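Here's the structure, in structure tokens; my notes come after.
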Amino acid sequence: MIVRKNMGRASPLVLVTLVLGFCFATYNLVTMIMHNRAISKWVEDDANGGIFFDPVIKMPENVRKPKNARLPFHVAVTATDATYSQWQCRIMYYWYKKKKDLPGSDMGGFTRILHSGSPDNFMDEIPTIVVDPLPEGLDRVSFLLYHILNRHRAAFSEKIPLSYQGYIVLNRPWAFVQWLEKATIEEDYILMAEPDHIFINPLPNLASGGFPAAFPFFYIKPADYGKVLRKFFPEEMGPVTNIDPIGNSPVIIKKDLLKKIAPTWMNVSLKMKDDPETDEAFGWVLEMYAYAVGSALHGVQHILRKDFMLQ
């Protein structure tokens with residue numbers, strides 16, 4: 001009888017083992033279901049009918065740009081009244097009108113910033129605003145510095161005695177400073193372009209809030225000119241690799257951000273041109289380096305898009 005009674009009872013150790021085993025199995029089953037649900041969001045079909053694993057978590061819906069939302073940018077191009085510049089602008093404006101309203105475009109208004117100081121024959125054909133060029137004579141340079149220093153005291157720390165003849169591109173930052181001061185620009189973003197640019201496709205807004213979009217140029221190499229750039233980009237701002245390998249065009253940037261950068265860009269351009277070592281090192285791309293340095297001084301980093309432009 002004692003033997004039969006003991007055989008009919010389950011050992012407490014066995015019961016505990018069974019309960020623990022059941023809990024462990026349940027835990028693993030629930031974990032597997034949750035894992036499969038999560039991983040299904042990461043596994044997508046590829047072009048060949050297979051699957052691939054994409055571990056990138058998608059942007060939350062509440063902060064993602066709606067598919068139909070547009071963030072239009074204003075196209076701004078600086079130009080002279082020289083015949084070749086006029087024809088380049090006419091061709092550029094023609095293709096702008098062709099692509100502006102196509103699907104995928106965020107292109108807004110258009111302005112030719114004419115830094116010749118006087119109107120030309122294409123004012124009615126191309127939306128244009130006239131601004132002053134950099135003065136040529138010493139007296140006029142002194143007047144310019146007085147004008148700039150009074151309007152942009154924070155951007156200038158010292159007088160910049162310079163003779164700027166022969167490098168017309170220095171007019172570009174000065175033209176943008178004037179345009180941003182006097183123009184009413186409806187769009188929140190601006191595309192800085194040049195007369196020899198042609199739109200071959202409708203262009204979306206590639207910028208993202210405080211991160212402008214820019215094209216990386218293979219010949220802009222801040223790391224190769226550390227000694228020269230330290231004259232304009234102090235060590236407390238970090239390594240010279242914080243300077244993006246870009247020029248000022250093409251760049252899509254928030255209007256308010258460009259208003260902050262433009263006076264610094266102009267200031268750095270003039271100082272670079274006044275320094276013989278820097279002028280010799282950078283040559284015709286000096287003003288491109290000046291924009292890269294000017295934006296870096298404001299802590300601005302650009303989204304580098306190789307698909308921005310073909311060259």
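The values are calculated or read from the model by the stated rules, or taken from the named source; none is laboratory data. Model, not experiment: these values are computed from the prediction. Counting neighbours? That spans all protein chains shown, and the Cβs are built from the backbone with ideal geometry, glycine included. Heads up: the accessible areas ignore ligands, DNA and RNA and are worked out on the full protein's heavy atoms, side chains in. Shrake-Rupley method; radii C 1.70, N 1.55, O 1.52, S 1.80 Å.
Arrange the peptides 296-307, 189-200 so that the one whose residues have, on average, the most other Cβ atoms within 10 Å appears first.
Ranked by mean Cβ neighbours within 10 Å, highest first: 189-200, 296-307.
Counting only other residues whose beta carbon sits under 11 Å from that of GLU187, what net charge do I get with K and R as +1, D and E as -1?
Around GLU187, the surrounding residues sum to 0.
What are the radius of gyration and Dmax of segment 171-311, computed over its Cα atoms and given in Å?
14.5, 42
Find the eigenvalues of the gyration tensor of the Cα atoms of segment 169-231, then list the square roots of 5 times those eigenvalues as equivalent ellipsoid semi-axes, largest first, in whole angstrom.
Gyration-tensor ellipsoid for segment 169-231: 25, 19, 14 Å.
Give the total of Lys-Lys pairs in segment 237-311 with Cα-Cα distances below 23 Å; include a pair only if its members are 8 or more places apart or on different chains.
6
With every protein chain kept in place and ligands, DNA and RNA left out, what is the accessible area per residue of segment 167-302? Probe 1.4 Å, answer in Å².
I get 40 Å² per residue for segment 167-302.
Which order, highest average first, do 108-114, 226-232 follow once you tally other Cβ atoms within 10 Å for each residue and take the mean per peptide?
Descending packing order for the listed peptides: 108-114, 226-232.
State, to one decimal in nm, how far the label point of GLU181 lies from the label point of ALA82, with both points 7 Å from Cα in the Cβ direction.
It works out to 2.6 nm between the two label points.
How do TRP179, TRP95 rank by accessible surface area computed with a 1.4 Å probe, from largest to smallest?
Sorted by accessible area, descending: TRP95, TRP179.
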